[in-house]
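Colleague: Quick one: this structure, given as structure tokens, is what I'll be asking you about.
The values are calculated or read from the model by the stated rules, or taken from the named source; none is laboratory data. Computed from a predicted structure; not experimentally measured. Don't worry about glycine lacking a Cβ; one is built from the backbone with ideal geometry, like all the others, and counts go over all protein chains shown.
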Amino acid sequence: MKKLITILASVIFTTSIAFAQDQDPKAKPILDDLSKATKAYKTIVSEYVFTIISKEKKQIEKQTGKVQVKGNKFKLDIPGNVIVCDGKTLWAHNKDAAEVTIKNFDATNEDQLNPSKIFTMYETGFKYKYEKEEKVGTATCHVITLFPSVKPEKKKFHTVKLYVDKTKKQMVKMVMLMKDGSTQTYEIKVFKANTELADSIFVFDTKPFKSDQITDERD
């Protein structure tokens, strides 16, 4: 769980400084269309498979996950854990330990996990290059390579590859090449846009928990 959250955070939370120069002009309109389409969605429901392959090409870990996003609200389901945010408060439920941690949520804080940014994380803090077209399942995809351009020495990865469905203008896969030689892959198996999501989904009910099971770190 901690490893997956660290990886997600390292990708999602980049600098807010945009780099308009030194970019591949072939990649830019594809990313612009992807951003425009993604931002037009009122809600996103996505199910994915997360895989880690070692430097020696051996599978280390494989997990499934689900993320639901509505504006700045989100719910992330990972085996053994649920993270819920209503835009102001973040609840992290560790099912194995039967514990809940509560924190204030700040969308501008780069140290906090924010899955709502995962579909647009490429917009800032990266240089990008168009690579090729490639089939992912039945979809023909543009493959665009991203390179961190702000404090790259602090990132655990050196390259990110985005696979963008040419027709649907949706991200279907993301591959991260890590500095330790391993590879992290997110394959999006289900992507639903504009599904009706009640606000109650993004509020965690702590009533079933005892006081000693809850750690409240809010100011």
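Colleague: Can you tell me which residue among 28, 73, 66 is surrounded by 13 or more Cβ atoms within 10 Å (Cβ to Cβ) and touching a helix residue (DSSP H, G or I) at 6+ places or on another chain (Cβ under 6 Å)?
Modeller: The match here is 73.
Colleague: Still on this structure: Across the stretch 167-177, which residue is surrounded by the most Cβ atoms within 10 Å (Cβ to Cβ) among those that are without any contact (Cβ under 8 Å) to a residue 40 or more places away in the chain and touching a Ser or Thr at 6+ places or on another chain (Cβ under 9 Å)?
Modeller: The extreme case among them is 173.
Colleague: Condition (residue is in a strand (DSSP E or B), out of contact with any Asp or Glu (no Cβ under 7 Å at 6 or more places or on another chain) and either of a type in the set (Asp, Glu) or under 27 Å from residue 83 (Cβ atoms) (or both)) applied to the stretch 194-213: is it met by at least one residue? Lay out the reasoning, then the answer.
Modeller: Filtering the stretch 194-213 for residues in a strand (DSSP E or B) gives none.
Scanning the stretch 194-213, I find no residue that is in a strand (DSSP E or B), out of contact with any Asp or Glu (no Cβ under 7 Å at 6 or more places or on another chain) and either of a type in the set (Asp, Glu) or under 27 Å from residue 83 (Cβ atoms) (or both), so the answer is no.
Colleague: Please find, within the stretch 120-158, the residue that is surrounded by the fewest Cβ atoms within 10 Å (Cβ to Cβ) out of those that are part of a loop (DSSP other than H, G, I, E, B) and of a type outside the set (Lys, Arg).
Modeller: 138
Colleague: Within the stretch 90-104, track down each residue that is over 19 Å from the mean Cα position of the chain (by Cα), touching a residue at least 12 places away in the same chain (Cβ under 8 Å) and on the phi < 0 side of the Ramachandran plot.
Modeller: Quick first cut of the stretch 90-104, residues over 19 Å from the mean Cα position of the chain (by Cα) only: 94-104.
From what is left, the residues that are touching a residue at least 12 places away in the same chain (Cβ under 8 Å) are 94-96, 98-104.
Scanning the stretch 90-104 gives 94, 95, 96, 99, 100, 101, 102, 103, 104.
Colleague: Continuing with the same structure: Of all residues in the stretch 125-141, which are in contact (Cβ under 8 Å) with a residue 24 or more places away in the chain and of a type outside the set (A, V, I, L, M, F, W, C)?
Modeller: Those that are in contact (Cβ under 8 Å) with a residue 24 or more places away in the chain and of a type outside the set (A, V, I, L, M, F, W, C): 125, 127, 128, 129, 130, 131, 133, 134, 137, 140.
Colleague: Quick one: in the stretch 153-167, of everything that is among the basic types (Lys, Arg) and out of contact with any helix residue (DSSP H, G or I) (no Cβ under 8 Å at 6 or more places or on another chain), which residue is nearest to residue 41 (Cα to Cα)?
Modeller: Result: 166.
Colleague: Name the single residue that is surrounded by the fewest Cβ atoms within 10 Å (Cβ to Cβ) among those in the stretch 95-119 being touching a Gly at 6+ places or on another chain (Cβ under 8 Å) and either more than 18 Å from residue 216 (Cβ to Cβ) or modelled with pLDDT of 95 or more (or both). Before you say what the answer is, go through the steps one by one.
Modeller: Within the stretch 95-119, the subset touching a Gly at 6+ places or on another chain (Cβ under 8 Å) is 95-96, 105, 107, 116.
From what is left, the residues that are either more than 18 Å from residue 216 (Cβ to Cβ) or modelled with pLDDT of 95 or more (or both) are 95-96, 107, 116.
Details: 95: 12, 96: 9, 107: 12, 116: 21.
The qualifying residue surrounded by the fewest Cβ atoms within 10 Å (Cβ to Cβ) is 96.
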